[in-house]
Amino acid sequence: MQTILSNKVVRNNHNNMNHKEVNTEQVILEAAEAEFLEKGYGNAKTVAIARRAGVSHSMLHYYYRTKEQLFQRIFKEKVQALSKMFSMVFEQQVDFTGTLRLLIQTQFRFVAQNQQLPLFIFREILVSEENRAWAIETLFPHLFPFLSTIEKMLSIEVSKGAVRPITMQDLLMNIISINISVFIAMPILKENLHFDNDEMMENFLEERCESNVQFILNALRP
């Protein structure tokens, strides 16, 4: 009996330690993301990240030795989240129009949940050849299956004359640019549209999302 109880205590202590480590790491990741988005990758400091997270600098280094490792972990989590959302789109197994609608909505809502991300990516990745190469290398394997599938569907619709001829690259750029432009303009919109509460903001974003869907779909009509 003593052995069983002792083993149970050991397991509970081990589980508690693991849970504490997971929580600490998540707090560090959230603090790092806030620091990167606020100050940019170049100006972000691990000392400041540790301070935001409420941990010692040595504790931060226990989990992540360098600022680059922190950034890459955060970026990979964002990519995986987007990949998971896209997977759910294709699990619906709807026609081309339905799939395209879901893709536009998914990309819009992902950016809505990460509104500072587009400007950060433009500032820190698109202007840095090294960061851009790494980001593409990380992003492409996750998104290629989805892009390949939608490209095949697009090709079939074009051949049937159901949509006007357009390359997958142009379609993708149209979706990304029209969705992201909403959030790039958001600081100006907030000041001039006077959203009184979160519900008004959510309603505006839902209406804007549907407007973007219709714009893309209408542009594809032959």
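Nothing in this text is a laboratory measurement; each read-out follows from the coordinates by a stated rule. Computed from a predicted structure; not experimentally measured. Virtual Cβ from ideal backbone geometry, glycine too; neighbours counted across all protein chains shown.
With each run of n ≥ 4 DSSP H residues scored as -39500 (n - 2.57), what mean residue ellipticity at 222 nm is computed for the chain after dividing by its residue count and rounding to the nearest 500 deg cm²/dmol?
Details: 10 runs with 180 residues, N = 222.
Counting only the DSSP helices, I get -27500 deg cm²/dmol.
Using the Cβ atoms and a cut-off under 15 Å, what net charge is assigned to the surroundings of Val213, where Lys and Arg are +1 and Asp and Glu are -1?
Numbers: positive: Arg101, Arg109, Arg208, Arg221; negative: Asp95, Glu206, Glu207, Glu210.
Spelling it out: positives minus negatives among the neighbours equals 0.
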**Asked** So if R0 is 25 Å, what FRET efficiency would Glu151 and Gln115 give, r being the distance between their Cβ atoms, rounded to the nearest 0.05?
**Response** 0.30
**Fill in**
For the pair Ala34 and Ile184, the simple spin-label estimate (label points 7 Å beyond Cα toward Cβ) gives in nm 2.8
**Request:** Run the dipole for the range 73-119 about the Cα centre, Lys and Arg Cβ at +1, Asp and Glu Cβ at -1, nothing else charged, and hand back the magnitude in debye, nearest 20.
**Result:** 220
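Just in the range 56-153: which trypsin sites (Lys or Arg not before Pro) are loop by DSSP and have at most 11 other Cβ atoms within 10 Å?
Values: sites: Arg65, Lys67, Arg73, Lys76, Lys78, Lys84, Arg101, Arg109, Arg123, Arg132, Lys152; in loops: Arg65.
Hits after loop and neighbour filter: Arg65.
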**Prompt:** In a shell of Cβ-Cβ distance under 9 Å around Ala31, excluding Ala31 itself, what net charge do Lys and Arg (+1) and Asp and Glu (-1) give?
**Reply:** -1
